[in-house]
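Written below as structure tokens is the structure these notes are about.
Quick note: the coordinates plus some simple rules give every number you see, no bench work behind them. Because the structure is predicted, anything quoted here is derived from the model rather than measured. Note that each Cβ is placed from the backbone with ideal geometry, even for glycine, and that neighbours are counted across all protein chains shown.
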């Protein structure tokens, strides 16, 4: 499942003369949602940062300087964003339903990274799922699965 998302983004490599990340780059939209998630409770832990860096590496094959660059771009875009719609509208257009479900799974992984589920984080996953067209059923199944995996 996650391999298909990774393959989708493999085709979005910029040409040498283009900016590193286009305004509608789905990788940045995912990264910005993850960055927003770990910032939403006002406390960003090393575990949360490591979780999203690992997710971006796993999903998109980004490491080293590329990973640092997408993190910086995601933080910049999150700082400029007024809502989640700018990110989710890009993902709704560019991703399949299954891939959008995978984005919700990544968000849950970020939520559970610090071992504390804040109501703001829970609400953000709910709002993002709604904007991406991911069902409440799928959202809750993913929550339970990720919670079970992180409790071990």
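On the basis of the beta-carbon distance and an R0 of 41 Å, residue 63 and residue 147 show a calculated FRET efficiency of 0.90.
Most fluctuating residue of 20, 74, 113 in a GNM of the chain with Cα springs under 10 Å: which is it? Of 20, 74, 113, the Gaussian network model singles out 20 as fluctuating most.
Working value for the chain: equivalent-ellipsoid semi-axes of 23, 17, 15 Å, each the square root of 5 times a Cα gyration tensor eigenvalue, largest first.
Taking every C-alpha pair closer than 8 Å and separated by at least 6 residues, the mean separation divided by the residue count of the chain gives a relative contact order of 29 percent. Rounded to the nearest 10 degrees, the angle from helix 85-94 to the longest Cα principal axis of the chain is 70 degrees. For the chain, the mean residue ellipticity at 222 nm estimated from helices alone is -23000 deg cm²/dmol, where every DSSP H run of n ≥ 4 contributes -39500 (n - 2.57) and the total is divided by all residues, rounded to the nearest 500. Shape class of segment 44-133 from the alpha-carbon gyration tensor: rounded, with the ratio a/c of largest to smallest axis under 1.5. When a/c is below 1.5 the answer is rounded, else prolate if a/b is larger than b/c, else oblate, so apply that to segment 62-110 with a ≥ b ≥ c taken from the square roots of the Cα gyration tensor eigenvalues. Taking the square roots of the gyration eigenvalues as a ≥ b ≥ c, segment 62-110 is oblate.
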